[in-house]
Amino acid sequence: MKRALGLLLLSLFIIGCNSGGDLKEQITQVIKENPEIVIGAIESKPVEFVEAFQKAAREAQKGIAKKRQDEEKQKLAAAYDKPLKPVIRKDEAIRGNKNGPIVIVEYSDFECPFCKRGFDTVMEVMKAYPGKVAFIYKHLPLSFHPQANNAAKYYEALRVQNPKYAWKFHDLIFDNQRKLKNGEKFLKAMAKKTGGNMKKLAKSLKDPKIQARIDADQKEAASFGMQGTPGFVVNGIPIKGAYPKDHFVKIINELKKRGKIKI
């Protein structure tokens with residue numbers, strides 16, 4: 001072990017003057033062949049090692065978080081010049097003013113608690129800009145939420161009958177989100193409360209076009225880099241996560257400043 005430690009110290013001395021890859025590889029090889037060097041150092045000062053490791057972990061987390069924030073800021077800045085373009089279908093269920101200058105598209109999961117928070121924020125934004133917002137709800141059911149995709153199918157099947165049924169169902173689900181664990185029984189009960197025709201609903205649920213529409217929403221969300229929920233696109237500007245109203249207002253003000261919208 002003494003010989004290995006001597007070789008390691010010699011290598012460290014040399015690498016201070018020459019940071020070549022060969023020397024780094026030699027040091028790595030010495031440690032691999034003599035792990036007791038590291039083990040011995042840890043055992044001699046375990047408290048100091050743990051504290052140093054924890055400090056390094058905290059610094060790494062801060063660095064990763066800052067890097068992500070910087071990347072998101074860059075993407076956000078680029079989006080003002082090259083906005084995203086969600087598909088707005090002719091038969092889309094639009095809440096608010098369909099011709100409103102502020103267009104919010106949400107990619108959501110009925111079973112996600114953050115999506116409930118996201119929806120509440122959208123309602124706050126709509127109140128802040130009365131008659132100015134067109135809100136479109138799209139689907140991004142996550143695989144680990146067992147009832148999310150089924151709930152999305154009910155929403156779309158009700159939309160086929162009348163958009164107002166779909167929106168009422170949407171609100172009922174988010175107001176009673178914890179009961180989604182009851183599955184089909186709960187979904188049928190909520191659908192019945194909307195006033196929609198249950199026989200037509202049952203038929204629509206079997207229509208492959210319903211699932212295809214949900215799949216299309218998921219594909220679009222993925223193309224925008226949205227992997228979690230909720231995700232939003234405000235006049236082409238992406239928002240990834242359940243941000244508060246102030247964040248939406250900030251983006252809307254920037255769009256207004258740039259002459260992208262008139263409100």
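No value in this document is a laboratory result; all are computed from the given coordinates. As the structure is a computational prediction, the values presented were derived from the model and not from experiment. Cβ: placed from backbone, ideal geometry, glycine included. Neighbour counts: every protein chain shown.
Remarks
- K192/N253 FRET efficiency (R0 35 Å; Cβ-Cβ; nearest 0.05): 0.25
- Just checking the listed ones, E51, E220, E106: in the Gaussian network model of the chain with Cα springs under 10 Å, the one fluctuating most is E51.
- For Kirkwood radius over Cα pairs in Å, the value calculated from this model appears in (1) 18.3; (2) 22.3; (3) 18.9 under label (2).
- Bridging of K32 to lysines at a Cα separation below 28 Å is possible for K2, K24, K45, K55, once same-chain residues fewer than 8 apart are set aside.
- Across the alpha-carbon atoms of region 118-190, the computed radius of gyration and Dmax are 13.1, 37 angstrom.
- Packing here is the average count of other Cβ atoms within 10 Å per residue, and on that basis the peptides 223-233, 124-134, 39-49, highest first, run 223-233, 124-134, 39-49.
- Fraction of antiparallel bridges per DSSP, the chain only, in percent to nearest 5: 60
- Degrees separating the helix 245-257 axis from the principal Cα axis of the chain, which is the longest one: 80
- When the listed pairs K188/K245; K67/K260; K75/K250; K132/K153; K168/K200 are checked against a 22 Å cut-off, the alpha-carbon distance exceeds it for K188/K245; K67/K260; K132/K153.
- Straight-distance crosslink candidates among lysines, where the alpha carbon sits under 17 Å from K90 and sequence neighbours closer than 8 are dropped: K98, K138, K164, K209
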